[in-house]
1. Within segment 253-279, track down each residue that is under 39 Å from the mean Cα position of the chain (by Cα), of a type outside the set (A, V, I, L, M, F, W, C) and under 30 Å from residue 296 (Cα atoms).
2. Cβ-Cβ below 9 Å, separation at least six or inter-chain, first residue in segment 324-336 and in contact (Cβ under 8 Å) with a residue 24 or more places away in the chain, second surrounded by fewer than 11 Cβ atoms within 10 Å (Cβ to Cβ) and among the polar types (S, T, N, Q): which pairs?
3. Quick check on segment 615-627. Is at least one of its residues outside the structural domain of residue 501 (by TED's automatic domain parsing) and touching a residue at least 60 places away in the same chain (Cβ under 8 Å)?
4. Condition check: exposed (fewer than 14 other Cβ atoms within 10 Å of the Cβ) and either in a helix (DSSP H, G or I) or in the same structural domain as residue 250 (by TED's automatic domain parsing) (or both). Does residue 329 satisfy that?
5. Just wondering, is there one or more residues in segment 146-163 that are in contact with a Ser or Thr (Cβ under 7 Å, 6 or more places away or on another chain), surrounded by 11 or more Cβ atoms within 10 Å (Cβ to Cβ) and of a type in the set (Lys, Arg)?
6. Can you tell me which of (1) surrounded by 14 or more Cβ atoms within 10 Å (Cβ to Cβ); (2) out of contact with any Asp or Glu (no Cβ under 8 Å at 6 or more places or on another chain); (3) without any contact (Cβ under 8 Å) to a residue 60 or more places away in the chain; (4) assigned to a helix (DSSP H, G or I) is the one residue 207 doesn't meet?
7. For segment 587-616, name all the residues that are closer than 30 Å to residue 522 by Cα, of a type in the set (A, V, I, L, M, F, W, C) and in a loop (DSSP other than H, G, I, E, B).
Amino acid sequence: MVESRVTFKLEAYLRLNGFLTLPSIDEELKRTSGVEDAVQVLDTLTTAEGYKKQIEQVGSAYEKLKVRVHKQVIRQQNKDLKKGEKPQVVSDTESSGEEEDEEAKKQEDFNQDWERKRKRRTKEDIEKEALLMGDLYAILGLDHLTYEAGEGDIKQAYKKLALMYHPDKIGENITQSDKEIWLQVQNAYETLIDPTKRKRYDSSLPFDDSIPSEAYNDINEKTFYDLFEPVFKRNARFAKKKPVPNIGDPTMPIDLVYKFYKFWDNFESWRDFSQYDEYDVREAQDRYERRYMEKENKKMRDKYQKKERLRIIKLVDTAYKNDPRIKAEELKEEQEKQRKKEEIRLQKEKIRLDQEEKVKQLEAIKQLEIQKQQEAERKIKEERQALLNRRKESIKQLANLCQEILPGSKYDKFWAEEFCKKLKQIDEVEEFKKKLESITDAEQFQQQLESQIQDVTGQSQNGQAGKQEEKKKVETVKDNWSTEELSLLSKAIVKYPGALPNRWKIITDHIGTDKTQKQVIAKAQELSQKTSLSKAGKEPSSSVLSSSFAQKEAKKQMQEVKQKPQNPPEEKKQEPKQEAREEEVPAWNNDQQKQLEQAMREFPGSIPIKERWIKISEKVEGKSAKECYERFKEICAMVKKQQEAGKQ
C-alpha cells in the first residue's frame with residue numbers, strides 16, 4: 001500500500017519536475033508518505049515489472065535524473081564501507097569522448113527528427129489541399145450560399161442527401177460510387193458543422209488578398225466604387241460582427257460614410273491561419289514536445305494575423321484617401337474654416353477701425369476742449385490786462401490831478417501807486433479820483449484828499465483788526481480741550497508709540513474733533529511738561545513719549561484706585577506725589593526720537609552693550625545712556641503689546 005502511494009507520488013513528481021534533485025524528493029516523500037530513502041524506492045520502481053507503465057519517461061531530463069540518483073547511491077555506499085574495503089570511483093567531471101560523440105549523435109538525430117516533423121507548407125500547397133478536398137459547400141448543394149450558409153442550412157442539406165445516399169436507404173443495390181459519394185457527404189458535413197474545422201476550411205480556400213493601388217490603378221470619382229466595392233465585400237466574409245456596412249454610392253450621407261470607415265478601422269477578423277502551422281501536435285512524443293510545437297505554431301499564426309491586420313489598414317487608408325465623398329467633405333470643411341477665418345479677420349479689422357475712429361473722435365474732442373480752454377484763458381487774460389491798464393490809467397490820472405492842483409507836494413505818481421495798493425478794486429480807485437475832480441481850489445482839494453485818505457486807511461486798519469480778533473477767537477475755541485478730548489489724547493499716545501510712522505496724524509484722526517495736528521502736538525508737549533495726562537483725562541495713563549517706568553507706575557496707580565474705596569482726603573494727599581513722580585519722568589520730543597533711531601542704526605548690536613548705549617546717548621541731545629536704553633525697552637514693550645492684542 002505504501003509502495004503504491006509512493007509510486008503515485010513519485011510518478012507525479014517525475015512528470016512535473018524532470019530536474020528535481022534527490023534531496024527534494026526525499027523531503028517530499030518523507031512529508032507525504034513517511035518514506036525517507038527515495039533511492040531505494042526509485043530503484044525498486046525502475047527494476048519492477050511493468051516499469052514503463054508505472055512511470056512515464058520524460059526525455060533527457062529523466063535520464064539525467066537517473067544518472068544523478070545512481071551517483072548518489074554510489075557515494076552513500078562509499079560512506080558505509082568498512083575499513084580496508086576499496087571504494088567505487090564516481091566521476092564528477094564531464095563525460096568521456098565516447099559519451100560526447102554519442103550525445104552529439106543523439107542531438108543530430110533529434111534535430112533531424114524535428115526537421116521531418118516540420119510541415120513547411122506554402123500558401124499554394126494549402127490551397128491545393130483544399131481543392132483536392134473538393135468544394136464541400138457544392139457537395140452539400142450549398143454552392144449558392146458558400147460561407148454564408150448557416151448551421152440550419154447545413155443540417156437540412158445533409159438530411160436531404162442522407163435520405164438519398166445513406167447505405168441503409170439504398171440497401172443491397174448500393175454501388176462503389178454510391179459509397180464514395182456518401183463518404184464525401186459525410187466528410188463535408190463533419191467539417192462544416194464543426195465551427196473550428198469550418199473556420200480552418202474557409203480560411204484555407206483560395207482568396208484574393210490584393211487591394212487597389214494608386215501606382216497601378218487610375219482612381220478617380222468614376223472608378224472608385226468599381227475598384228473598392230468588390231474588395232470590401234470580399235474581405236467582409238471574415239468579419240466577426242454582422243452586418244457589414246456597404247461602401248455605398250455618391251448620394252450616401254456623410255455620416256454613414258464616416259460610420260463605414262469607423263467599422264473597418266475597428267475590423268475584427270475570424271480568419272484562421274492554423275493551416276500555416278509548422279508542426280502537427282498529434283505527432284508529439286510527450287507534453288514538452290507538444291508545448292514547444294504549440295508555441296512555434298502560435299508564433300506563425302501571430303505573424304500572419306499581423307500581416308492580415310496591416311493589409312486591412314492599408315485597404316482602409318487607401319479607400320479613405322481616394323474617396324470622393326471624403327474629399328468633398330474635407331474641401332467643404334476647409335472652405336468653412338477659411339470663411340470663419342476671414343470673418344474673424346474682418347471682425348478684428350472692423351474693431352480696429354472702430355477703435356481708431358473712437359481715438360480720433362476723442363482726440364478731436366480733447367483738442368476742441370483745449371482750444372476752448374485756451375480761448376477762455378485768453379479772454380480772462382485780456383480782461384485782466386484791460387482792468388490792469390484801466391487801473392494804471394486811473395492811478396496816472398489821479399497822480400496828474402494831484403500834481404496839477406498841488407504842484408511840488410508829496411502827492412506825486414509814486415505816492416499814487418503806493419496808496420492805490422490799499423484800494424483793491426478798480427471802482428474804488430475811480431470813485432476816489434472822481435470825488436477830487438470837481439474841486440479846483442488847492443486848499444479844499446488838499447483837505448478833501450486827506451479826508452479820503454484817512455477814510456481809506458481807517459477802514460483798512462479796522463478790517464485787519466477784525467480779522468485778527470476773529471482768528472484769535474477761533475484759535476481760543478480750538479484751544480479749549482474738553483475732558484473727553486484729553487482722555488482720547490492720553491489713550492492715543494499710549495496706543496501709538498513714538499516709533500510708529502505718521503504718529504501724530506494717526507493720533508489726530510483718533511481724537512476725531514476739529515483739532516489740528518499742530519494743536520495736538522502742542523497740547524501733548526504742554527501736558528508732558530506741566531501736568532500729567534492721567535490727571536488731565538481723569539484716568540491713569542502714560543505721558544507723551546513716556547518711559548516704561550512711567551507706564552508701570554500709571555498701571556499700579558490705576559489698579560490701586562479700582563481696589564481701594566474712595567477717600568477724598570487720601571487722594572488729595574497722594575496727588576502731589578503722583579504729579580511729582582510724573583514730572584520726574586523725562587519727556588521725549590520728535591527730534592530726540594529721530595536722533596535715537598538714527599543713532600541705533602549707526603551703532604549696531606555687534607558693539608558691546610555699554611559702549612553702544614554711551615555712543616547712542618552722545619548723539620541724542622539732553623539724554624543719558626540709561627534714558628536711551630529705557631526708551632528702547634519702552635518701545636519694545638509697546639510693540640509686543642500691540643502684537644498680542646492683534647493676535648487676540
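1. Those that are under 39 Å from the mean Cα position of the chain (by Cα), of a type outside the set (A, V, I, L, M, F, W, C) and under 30 Å from residue 296 (Cα atoms): 265, 266.
2. 324/220
3. Within segment 615-627, the subset outside the structural domain of residue 501 (by TED's automatic domain parsing) is 615-627.
Then keep just the ones that are touching a residue at least 60 places away in the same chain (Cβ under 8 Å); that gives 627.
Looking through segment 615-627, at least one residue is outside the structural domain of residue 501 (by TED's automatic domain parsing) and touching a residue at least 60 places away in the same chain (Cβ under 8 Å).
4. On the way: exposed (fewer than 14 other Cβ atoms within 10 Å of the Cβ): no; either in a helix (DSSP H, G or I) or in the same structural domain as residue 250 (by TED's automatic domain parsing) (or both): yes.
Spelling it out, it is not the case that residue 329 is exposed (fewer than 14 other Cβ atoms within 10 Å of the Cβ) and either in a helix (DSSP H, G or I) or in the same structural domain as residue 250 (by TED's automatic domain parsing) (or both).
5. The initial filter retains those residues of segment 146-163 that are in contact with a Ser or Thr (Cβ under 7 Å, 6 or more places away or on another chain), namely none.
Checked against the condition, which is being in contact with a Ser or Thr (Cβ under 7 Å, 6 or more places away or on another chain), surrounded by 11 or more Cβ atoms within 10 Å (Cβ to Cβ) and of a type in the set (Lys, Arg), segment 146-163 yields no hits at all.
6. Failed condition: (4).
7. 587, 588
So that you can scan it fast, the table gives a plain yes or no per residue for (1) over 25 Å from residue 206 (Cα atoms); (2) buried (at least 16 other Cβ atoms within 10 Å of the Cβ):
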{"residue": "246", "(1), (2)": "no, no"}
{"residue": "253", "(1), (2)": "yes, no"}
{"residue": "264", "(1), (2)": "no, yes"}
{"residue": "276", "(1), (2)": "no, yes"}
{"residue": "289", "(1), (2)": "yes, yes"}
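The values are calculated or read from the model by the stated rules, or taken from the named source; none is laboratory data. All of these numbers come straight from a predicted model, not from anything done at the bench. Using ideal geometry, Cβ is built from the backbone for each residue, glycine included, and neighbour counts are taken over all protein chains shown.
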